[in-house]
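Worksheet: the structure to be examined is printed underneath.
The values are calculated or read from the model by the stated rules, or taken from the named source; none is laboratory data. Everything numeric here is computed off the predicted structure, so don't read it as measured data. Cβ atoms come from the backbone with ideal geometry, glycine included; neighbour counts cover every protein chain shown.
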């Protein structure tokens, strides 16, 4: 069976209660929108979500929160995500907040076959509490462990049938790293292209890290904070 | 007259060397690029995956997939690049960012910084703050000298949850420019018309 899937249902096959799922995106930027919606319809429970923000402004992964699918979250920033603030206060989800560089490096390590690593980030803070500290060349570092998942749901601009990917601008963020750290990586691509259409030197993520590809043409791509500058006079 | 926000941004801009790679925190630091001296080139890094971030787009030219770490729409300059988060934090943690300009809730005289959580307050999260503070070659803090309730933010030691220990090189406030030197702050300069006595009264650490 090839990697290309024809429906969201096929793409999400095997996601069950208790699954751990990485979801790409920096807030709402670079979300696999159809896959995120598909999980809400499928409604698995007790999920562990690994994602930078877990939605915002009621959109994106906020739907998973509101549907009661999530038991545990690994993220880096809550910000103005009112849905998550409410659930943290209720104690309905168990939230672990990580430094962003540690968050992504733990996934990178998982994908690269490295069980743990020492980082300077978080030394002397609550993040390092209960963790091994070791000194190298006179500076202290904290031991952090690899972070794996059952599934990664990511968005790419272009994919070919082998799962070679190209990303677009800042929609790339955590997605290619998550793809390496999950047992099953599902890619929602804006455009499915033929083998050979992406130049070998322009492949951002090789197909070895991708198990399923779902082409989805339409996306909302909501802007969280639209910010502009005035045009110059007469410009 | 204490420094206005614009004065603080202009003073911070003087700290940036030509050709520097700079990461700007949310809030006051985002004003700095508007005050760069003529002809000085800088490369803005945004931890969500841009080196060479440009100004906000003109209305109608926003791209939802070109955002900064504050999730605002931005642009990318000629020569800019986009990359994944692991590469971005290799750049940050690996010491390839020359300067980070951060906001803060508290700054310790020992160089500690607290800028991500208030005890008993709402948890906003860490984001890139701890990596930027731990990994940047130089840390410049921009902050009001006291809180909205008038409490000192420059302290002998921070009481809020720390972001990083011993990393702050310089602090620019509305009252002047200060370097943490261990048990106190060295006064680098005072804002025009600001008396040392006022700074002493509003700083919870010795001035040197």
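Observations
- Single residue of A:86, A:37 found to be within 14 Å of chain B (Cβ to nearest Cβ) and out of contact with any strand residue (DSSP E or B) (no Cβ under 7 Å at 6 or more places or on another chain): A:86
- Of all residues in the range A:69-83, none satisfies being at pLDDT 95 or above, buried (at least 20 other Cβ atoms within 10 Å of the Cβ), at positive phi and in contact with a strand residue (DSSP E or B) (Cβ under 8 Å, 6 or more places away or on another chain).
- When we screen A:142, A:127, A:123 for residues that are in a loop (DSSP other than H, G, I, E, B), closer than 27 Å to residue B:69 by Cα and in contact with a helix residue (DSSP H, G or I) (Cβ under 8 Å, 6 or more places away or on another chain), the only hit is A:123.
- Unique match (being surrounded by fewer than 19 Cβ atoms within 10 Å (Cβ to Cβ), more than 8 Å from every other protein chain (Cβ to nearest Cβ) and touching a residue at least 40 places away in the same chain (Cβ under 8 Å)) among B:79, B:95, B:121, B:108: B:95
- Condition met for residue B:65 (at the interface with chain A (Cβ under 8 Å from one of its Cβ atoms), modelled with pLDDT of 95 or more and in contact with a helix residue (DSSP H, G or I) (Cβ under 9 Å, 6 or more places away or on another chain)): yes
- Within the range B:10-31, if we keep just the residues that are closer than 18 Å to residue B:76 by Cα and modelled with pLDDT of 95 or more, the residue that is surrounded by the fewest Cβ atoms within 10 Å (Cβ to Cβ) turns out to be B:19.
- Filter result (farther than 16 Å from residue A:104 by Cβ and outside any loop (DSSP other than H, G, I, E, B)) within the range A:22-40: A:33, A:34, A:35, A:36, A:37, A:38, A:39, A:40
- Across the range B:167-190, a minimum of one residue is classified as within 11 Å of another protein chain (Cβ to nearest Cβ), buried (at least 19 other Cβ atoms within 10 Å of the Cβ) and part of a loop (DSSP other than H, G, I, E, B).
- Count of the range B:55-71 residues which are surrounded by fewer than 18 Cβ atoms within 10 Å (Cβ to Cβ) and within 28 Å of residue B:170 (Cα to Cα): 1
- For the range A:96-150, the tally of residues that are under 30 Å from residue A:211 (Cα atoms) and in contact (Cβ under 8 Å) with a residue 24 or more places away in the chain stands at 26.
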